[in-house]
Amino acid sequence: MKLYYYNAQENGFKLGNFGDDLNPWIWHRVIPELFEGQSDSKLFVGIGTLLNDFLPPEPTKIIFGSGAGYGKVNVQNDRFKIYFVRGRLTSKLLGISDEKAITDPAILVKSLYQKADTKKRYKTSYMPHHLESEMNREGWQQICADCGVNYIDPGNSVDQVLDDISATDVLFTEAMHGAIIADAFRVPWVPMVTNEKILEFKWRDWMDGLGIAYEPRRIKRLYKGISKQIFPKLPKYIDYQLICRQFKSTLKNAQPLLSSDSKSEALHEKVYLQIEQLKTDYAAGLLS
């Protein structure tokens, strides 16, 4: 079986994308036996907004927690075996039972990640969407430095991002998987939007399962290359100052979110039950 996920670097980006890169980090720890040999006879479709027009029509696909978005896909054929999907918005869009809507499988880090040093190092951290980081990394690093906030780069290694989130008191994030991991780690989080092209559907899909409404804090987008060092002249410096003011206001006034302990534990348990079913099916040859 082949692990299928979006690889940012293979698609022209300088760095990876944390949410997508969680796939090999998690699945090779939890179900390594499925990927021995990396046969292309089946695709394992896990973390990410992968149920769309880009999903290859062949071969058979094992759907394990993915979400819909960025296009449509018809799953009503014998080329799909669906264990569960990210949320009820996805299940409704695909025309399958809501019983198959659980949560994003990235919640598995709750039991997979272990760190000896559990000390909190950052009062607040900010994690942008990976596209925003790719375009405006230097500018956001400068804004975070000016505001006394730790910058978490979604292009860093999975281990580095996990360490940074776990060491944070409150995470402000435009990256959905930043919020997913924060919630799994019991770190309060605040959803943010700087780019109106951010796909709200996937956030609502996941957050519906937590029983939390998606109401992100919105601030002006930092366009490519805007920073005090690179563009010190007045027009763009005014934009920079405005964004800093908006960001500081958000840091001061936003109410952090967190699912209940019982909800987090229940969703984690449901995903692990699906893993046990997958292993049982694999051992019985039902995936052959």
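Summary of values
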read-out	value
Cα shape, the stretch 110-207, gyration tensor, a/c 1.5 rule	oblate
Residue-wise HN-Hα coupling along the stretch 246-257, computed from phi with Karplus coefficients 6.51, -1.76, 1.60 (Hz; x: Gly, Pro)	4, 5, 5, 5, 5, 4, 7, 10, 5, 9, x, 10
Estimated distance in nm for a label pair at LEU242 and ASP98, the labels positioned 7 Å out from Cα along Cα-to-Cβ	4.2
Leading residue at positive end of dipole, the chain (Cβ point charges), from TRP189, THR49, GLY67	TRP189
Average accessible area per residue (Å²) across the chain - probe 1.4 Å, nucleic acids and ligands excluded	46
Protein-only accessible surface order, largest first, of ILE152, ILE82 at 1.4 Å	ILE82, ILE152
10 Å binning of all Cα-Cα separations within the chain, expressed as whole percents from 0 upward	6, 28, 34, 21, 8, 2, 0
For the stretch 29-185, size of Cβ-based charge dipole, Lys and Arg +1, Asp and Glu -1, in debye	500
Theoretical gain in end-to-end length, SER41 to LYS115 [0.36 nm per residue, Cα-Cα removed]	23.0 nm
Qualifying trypsin sites (Lys or Arg not before Pro) for the stretch 1-82 [loop in DSSP, other Cβ within 10 Å: at most 16]	LYS14, LYS72, ARG79
Spatially proximal aspartates and glutamates relative to LYS220 (Cα-Cα < 14 Å; intrachain offsets below 8 disregarded)	GLU132, GLU174, GLU196, ASP239
Highest-first arrangement of 104-112, 258-266, where packing means the average Cβ count within 10 Å	104-112, 258-266
Options GLY148, SER111, LEU210, ranked by Cα towards positive dipole end of the stretch 108-229, top entry (Cβ charges)	GLY148
Rg to Rh quotient for the stretch 1-125, alpha carbon positions, Kirkwood Rh	1.00
Ordering of 175-183, 91-99, 131-139 by packing [mean C-beta count within 10 Å, highest first]	175-183, 131-139, 91-99
Hits among lysines - C-alpha to C-alpha of LYS110 under 18 Å, sequence gap 8 or more where chains match	LYS119, LYS120, LYS263, LYS270
Rel. contact order, % - alpha carbon contacts under 8 angstrom, at least six apart, the chain	16
Apportionment of accessible area to carbon and sulfur, the chain, percent (1.4 Å)	50
Cβ-placed point charges (K, R +1; D, E -1), dipole of the chain about Cα centre in debye, nearest 20	1000
0 to 90° range, to nearest 10: angle between helix 261-283 axis and the chain longest Cα axis	40
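The values are calculated or read from the model by the stated rules, or taken from the named source; none is laboratory data. A quick note: this is a predicted structure, and the numbers were derived from the prediction, not measured. So basically every Cβ, Gly included, is an ideal-geometry build from the backbone, and we count neighbours across all protein chains shown. For the accessible areas, the whole protein counts, side chains as well, though only heavy atoms, and no ligand, DNA or RNA atoms are used. Shrake-Rupley method; radii C 1.70, N 1.55, O 1.52, S 1.80 Å.
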